[in-house]
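What follows is a set of notes on a single structure, which appears directly below.
Rule-based calculations on the coordinates, nothing more; no lab input. Note that this is a predicted model, so its numbers are computed, not measured.
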Amino acid sequence: MFFAVIAADSIGKWAGRRVGIDVEPILFQTLIIGVVVARLAFVLQFSTAYQLSPLAVLDIRDGGWRPLAGFAAAWIYAFVMLLKRPVMRKPLLAAVFAGTIIWAGGILALSFPKDEQKLPTLALISLQGATVDLRQFEGKPMVVNLWATWCPPCVREMPVLHEAQAQNPTVNFVFINQGESAQRVNGWLAARNLPLRNVLLDTKGQALGVFNQRGLPTTLFFDSNGKLMSTRTGELSTATLAEKLQSIN
């Protein structure tokens, strides 16, 4: 998206200078409309998830977008502007085409099938001190959350995951804590009244490397055969978690 915006702005300025027209204000308006509509389309699809917390609609950190709706809205707005000001046709079309091709190309590239990643064999320790292998959770859709008590977005999303675990008994939710003691984790969960099931301790810090991830929180979504379907790095909202669960149910 960043490169698409930069390319559209640069090409629009260059093409506009050639005909003595400044299209940057229209391009900015087109971008804003596309982004807003892409967000609203997602919010409308998962509207029930936002009913209890309407202000969460403004928190775009959850990654909830519908790009196709945004593309459509941006093109409609650009077309209306062209009808009103035909002299802007060439620079505006050049800019919007460039932005669309780069953005759409990036989305397409990210959607290409990757090498199939299966649930790995990874031995971890439960809060009760028992050794648990992740492979024992195969047979049901599975959500693996990598987290730590010192990670602010991990803390913010944990009530969302706790509620989802309670409401989705056909899905195995597994919470892999990164590098903290059982005493620390038990105390933290008790203080926040979060009786999570399947909390495991990664005392050696293996999980991030095994899953080829770098940051917290990271949540991985596996189907019932242990195939990785999607990954979310960053905070989950109720709506984005619901979207991800659809991909494994």
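See the values below:
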item	result
For the stretch 30-37, 3J(HN,Hα) per residue [Karplus equation, 6.51 cos²θ - 1.76 cosθ + 1.60, θ = phi - 60°, Hz, x = Gly/Pro]	4, 4, 4, 5, x, 5, 4, 5
Whole-Hz ³J(HN,Hα) from phi, Karplus 6.51 cos²θ - 1.76 cosθ + 1.60, for the stretch 159-174, glycine and proline x	x, 5, 5, 4, 5, 5, 4, 5, 8, 10, x, 8, 10, 7, 9, 10
CD proxy at 222 nm, helix term only [per DSSP H run n ≥ 4: -39500 (n - 2.57); per residue of the chain; nearest 500]	-16000 deg cm²/dmol
Share of alpha-carbon pairs per 10 Å distance bin for the chain, given as whole %	7, 26, 27, 19, 13, 7, 2, 0
Pairs of alpha carbons in the stretch 2-111 whose separation is greater than 20 Å (percent)	44 percent
Rounded Å value of the spacing that divides the Cα centres of the stretch 102-170 and the stretch 181-237	6 Å
Helix 182-191 axis, angle to the chain major axis (alpha carbon atoms, nearest 10°)	70 degrees
Computed over the chain: relative contact order in percent, which uses C-alpha pairs under 8 Å that are six or more apart	21 percent
Amide hydrogen neighbours beyond the local backbone of THR203, cut-off 5 Å, H modeled	ILE125, GLY179
Tally of Lys pairs whose C-alpha atoms are under 27 Å apart, taken over the chain, 8 or more apart or cross-chain	14
The stretch 135-141 - phi-based ³J(HN,Hα) in whole Hz, Karplus 6.51/-1.76/1.60, Gly and Pro as x	5, 6, 8, 4, x, 10, x
